[in-house]
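Asks: Following this message is one structure expressed as structure tokens.
Read the figures in this text as sums done on the coordinates, not as results from a lab. Just so we're clear, the structure is a prediction, and the values are computed from it rather than from any experiment. Note that we place each Cβ from the backbone using ideal geometry, even for glycine, and neighbour counts take in every protein chain shown.
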Amino acid sequence: MIEFHLDVRSGVSPYLQVVQQVRQALRLGLLREGDQLPTVKDVVARLAINPNTVLKAYRELEHDGLVAARPGVGTFVTRTLADASLAAHGPLRQDLRRWLAKARLAGLDDESIEALFMTTFRTAAQENIA
Amino acid sequence: MTAVLRARALGKKYQRRWALTDCTLEIPAGHVTGLVGPNGAGKSTLLNLAAGMLTPTAGTIEVCGGRPGSGPAQLAKVGYVAQDTPTYARLTVSDHLRLGARLNPSWDDALARRRIERLGLDPNQRAGKLSGGQRAQLALTLGLAKRPELLILDEPVAALDPLARREVLQDLMEAVAEHGLSVVLSSHLVADLERVCDHLIVLVTSQVEITGEIDGLLATHHRLVGPRRDIATLPADQHVISASHTDRQTTLIIRTEAPILDPAWTVSTIGLEDLVLAYMGRTARVGSGSGSGRRPALEVLR
Amino acid sequence: MIWLAWRQFRGQAMAVYGLLAVLVVILVITGPPLPGSGVARLTSAEDKVYNAGIMLVYGLPAIIGIFWGAPLVTRELEAGTYRLAWNQTVTRTRWLATKLALTGLAAATAAGLLSLAVTWWAGSIDAASQPSTLAHVVSVTGADAFASRVSPPVFGARGIVPVGYAVFAFVLGVAAGILLRRTVLAMAVTLAVFVAVQVAVLFAVRPYVIPAAQDTIPITSANISKLGVSGSGGVAELAVAGPRGAWVLAAETVDAAGQAVTAPPWTATCVMPPRQVSETHPVPSQECFAKLSALGYRQLVTYQPASRFWALQGIETAIFLTLSALLTWLCIRWTRTRLP
């Protein structure tokens, strides 16, 4: 069982924070297949957040095939993220290193690289949502 | 989606001053709806109208399918925890539970006793001797144990310290999760509302500025920063909520359903607090100008 | 709802009923004076109890109006607790009606009990009350100090009218509270209006609800009760005792033709020779009265006879209860439309 926490100042909506914390736990192996997520009532009573927020987060996780709700029992982890993506990390890191070298060659300093990466990342993420 | 509260052209006048004018809104059932706005914007008036404590001067209001305060059946459906959470100072905690049990056919005594026990309240304590937080919890217990379809809370946590505030909201949210009741609460603590609400109404100078699901509102509002430009040149589907200019730069908060394609803008998301402040500030500015300036701004919004 | 109304009211109820119990015990212990004796002569202690009884029966309705009536709603308005009460599954109308019925009933019972006790205690005095005459004063000192029970102030402190007063004062207090919304202000207004209504009823209603009886009575040495002499030696004032136990509303001297006149100036010196105080003087000379009578002078007395006591009590109680019912209706209406 994991415990959620909420950072209101982060600018990330509460439901996304819940989703991210579950994914993080899955990725780090804190949650395994068959583990139960806290009930909506428990999360709500602990964090003082809206039940619909938790439901929405759980629905999204269910939609992603990570968890499954068993009516009257609870929500359980059906898949872990730990190994699925780890294998892909190596090649991606290689690509990124090559891109960073190119950026430095073009004369960008650390801050410029970070700003460029973040704006591109956000724009891409938004286009995906849209 | 069924509406738990439906107001049409609702207005309330005290002597000569209108506390609420032309308020048209729908609050969907099964949600926790936050009502924000500056002091004197008409929040309490709207909630009092919904609870049947006041009768409208103009327009209509329908709560849980009936006219507020119209009879016992209607009263049973709506719980109301008034501002400053009034309790009978000379009655004990257990007297209050008895009051609830005697006056409400739908009273859930087990729930009430469980809550009082968990809160650690002494049943023989007089309500007048309770702390503000304990009194708020007692009033909330009365509201919850009545098992209403809609619970209305007017600034339930305004007078409480952060710990008591968190506890009240935790209990409230737990009850929402457990019993699936709809909640409408007013507050000017936007951080609290961001946690507990999924629906929002911004009320400024007795008028509804914007209403909608919070996630939807946050997804359709953006902060644009870019080189200085005239806001009249923006695409028609981008509604400006607030704008500020320096000699080089323009910063806007806009509402739009469509993606923002203009590469000149740096687009960022905004938090609920910024969104609420943008709406409050906008009306304050527009309102201070000529009266005719106000109407078009509202038209744009709708 | 009855439970809540009682729970909120029981402290005040116990205060008033506790006091009432003490009073009744005092009355029972002292017991009614002059059992069986036909002569009304009281010890000073008995005299105090007699007067205190009248004051208390008048005072209780005022106290009820001020301390039960006025705060009934204002207390809830001032503390904000009406917002709690009105959001239970009980309509405002039922909320107010229950409070009014319970407290109103308690008010009627309290006033009824006190009036019953005082009426019982003072029964023999009321029965022995004699019209005050000069002759009587001379023969039995101190025996005539008591008004008949149909005349003020005794009338309002006997029988069933105190019940009407109490219910009216209570509802008046509630109505004042609903209109003014301030406890202290409502208390003051309740007292002022209640006293004003009592005075108005005494002077403008009670004498006329049943057309008064009129009699012409010969002026005799036995029934003359007052003789005022003016500076010039003429008669300023002349009165005779009315019928036994009656409430005399007006009296005037009429001549043989039935015209209102003042008694001829010689009456003054004839009835009461100068420098002689009535107490030490023997019975006034009979010739004077014979002469007056022969000349056709008589007293025309307008009065409410003693036999109408219960009819007047019934009518006045009904008037106050009707006013109370009207105020109750207004209270319920105002609670729906004017509050909060």
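Asks: Once R0 is set to 45 Å, what does the formula 1/(1 + (r/R0)^6) return for the Cβ-Cβ distance between A:R46 and C:R181, expressed as a FRET efficiency to the nearest 0.05?
Replies: Here the calculated transfer efficiency is 0.50.
Asks: Percent of Cα-Cα pairs more than 52 Å apart in the protein assembly as shown, please.
Replies: Of the Cα pairs, 42 percent sit more than 52 Å apart.
Asks: In a solvent-free Debye calculation with one equal scatterer on each Cα, what is log10 I(q)/I(0) for region A:8-77 at q = 0.14, 0.16, 0.23 Å⁻¹, listed in the order of the q values?
Replies: -0.39, -0.52, -1.08
Asks: Which FRET efficiency value, to the nearest 0.05, do you get for C:A213 and C:A188 by plugging their Cβ-Cβ distance into 1/(1 + (r/R0)^6) with R0 = 51 Å?
Replies: Between C:A213 and C:A188 the formula returns 0.80.
Asks: Once all Cα-Cα distances of region B:152-228 are split into 10 Å bins that start at 0, what whole-number percent is in each one?
Replies: The calculated distribution, bin by bin, is 15, 44, 28, 9, 3, 0.
Asks: Starting from the Kirkwood Rh over alpha-carbon pairs, what translational D in µm² s⁻¹ does region A:87-129 have by Stokes-Einstein at 4 °C and 1.567 mPa s?
Replies: Estimated diffusion coefficient is 112 µm²/s.
Asks: Right, something else. Distance from a point 7 Å along Cα→Cβ of A:R9 to each backbone N in region B:152-188: keep the residues under 13 Å and list them by number.
Replies: Flagged as within label range: none.
Asks: Separate question: Just to confirm the filter: which GluC sites (Glu not before Pro) across region A:1-96 are DSSP coil and have at most 13 other Cβ within 10 angstrom of their Cβ?
Replies: A:E3, A:E33
Asks: Please tell me the relative contact order of chain C in percent, rounded to the nearest whole number, where contacts are Cα pairs under 8 Å and at least six residues apart.
Replies: In percent, rounded to a whole number, it is 23.
Asks: Can you put A:M118, C:M187 in order, fewest other beta carbons within 10 Å first?
Replies: Placing the least packed residue first, the sequence is A:M118, C:M187.
Asks: What value does region C:297-340 have for Rg/Rh, both radii from Cα atoms and Rh as Kirkwood defines it?
Replies: 1.42
Asks: Ratio of alpha-carbon Rg to the 2.2 N^0.38 Å globular estimate for region B:3-204, to two decimals, please.
Replies: Its radius of gyration relative to the 2.2 N^0.38 Å reference: 0.99.
Asks: Just flag the trypsin sites (Lys or Arg not before Pro) in region B:1-104 sitting in loop per DSSP whose Cβ has no more than 10 other Cβ atoms within 10 Å.
Replies: The qualifying sites are B:R16.
Asks: Describe numerically, in nm with one decimal, the distance between label points set 7 Å from Cα along Cα→Cβ at C:R338 and at B:A29.
Replies: About 3.9 nm separates the two model spin labels.
Asks: Using a Förster distance of 51 angstrom, determine the FRET efficiency expected from the C-beta separation of C:L105 and B:A73, and round it to 0.05.
Replies: 0.95
Asks: Can you list the GluC sites (Glu not before Pro) in region B:209-282 that are in a DSSP coil and have 16 or fewer other beta carbons within 10 angstrom?
Replies: Passing sites in region B:209-282 are B:E257.
Asks: Scan around B:L151 for amide H atoms under 5 Å from its own, H built in the peptide plane at 1.01 Å from N, and keep only partners 5 or more places away or cross-chain.
Replies: It is B:G79, B:S182, B:V183, B:V184, by chain and number.
Asks: Considering the options C:Q304, B:S268, A:L108, tell which one lies farthest towards the positive end of the dipole of the protein assembly as shown, charges being +1 on Lys and Arg and -1 on Asp and Glu at the Cβ, about the Cα centre.
Replies: With unit charges placed on the Cβ atoms, the residue in question is C:Q304.
Asks: For chain A, treating each Cα as an identical point scatterer without solvent, what Debye log10 I(q)/I(0) comes out at q = 0.15, 0.23 1/Å?
Replies: So the normalised log intensities work out to -0.86, -1.34.
Asks: Can you pull out the cysteines in the protein assembly as shown that have no other Cys Cβ under 4.7 Å?
Replies: Result for the protein assembly as shown is B:C23, B:C64, B:C197, C:C331, no neighbouring Cys Cβ within the cutoff.
Asks: Sticking with this one: So what is the diffusion coefficient of chain C in µm² per second by Stokes-Einstein at 25 °C and 0.890 mPa s, using a Kirkwood Rh over Cα pairs?
Replies: 107
Asks: Give, rounded to the nearest 20 debye, the magnitude of the charge dipole that chain C has about its Cα centre when Lys and Arg contribute +1 at Cβ and Asp and Glu contribute -1 at Cβ.
Replies: 1620
Asks: Still on this structure: Counting pairwise Cα distances across region B:1-71, what percent come out greater than 17 angstrom?
Replies: Value for region B:1-71 (Cα pairs over 17 Å): 39 percent.
Asks: Please give the residues of region C:14-28, grouped as numeric ranges, whose backbone N is less than 18 Å from a label point set 7 Å along the Cα-to-Cβ vector of C:A52.
Replies: C:16-28
Asks: Here is a further query. So how far apart, in nm, are the two label points at A:T119 and B:D109 if each is 7 Å from Cα heading toward Cβ?
Replies: 6.8
Asks: Please report A:H5, B:H221, B:H239 as a ranked list, fewest other C-beta atoms within 10 angstrom at the top and most at the bottom.
Replies: A:H5, B:H239, B:H221
Asks: Oh, and also: Give the cross-link partners of B:K43 among the lysines, using a straight C-alpha distance below 19 Å as the criterion and excluding same-chain residues fewer than 8 apart.
Replies: Here the lysines satisfying the reach criterion relative to B:K43 are B:K12, B:K13.
Asks: Which pairs, out of B:K77/C:K99; B:K77/B:K146; C:K226/C:K291, put more than 20 Å between their alpha-carbon atoms?
Replies: Correct reply: B:K77/C:K99.
Asks: Short version: what are the Cα gyration tensor semi-axes of region C:17-123, square root of 5 times each eigenvalue, largest first, in whole Å?
Replies: So the equivalent ellipsoid measures 41, 12, 9 Å along its semi-axes.
Asks: Could you state the principal axis extents of the C-alpha atoms in region B:169-291, from the largest down, to the nearest angstrom?
Replies: 53, 34, 22
Asks: I would also like to ask the following. Most mobile of B:Q134, B:Q249, B:Q125 per a Gaussian network model of chain B (Cα springs, under 10 Å)?
Replies: B:Q249
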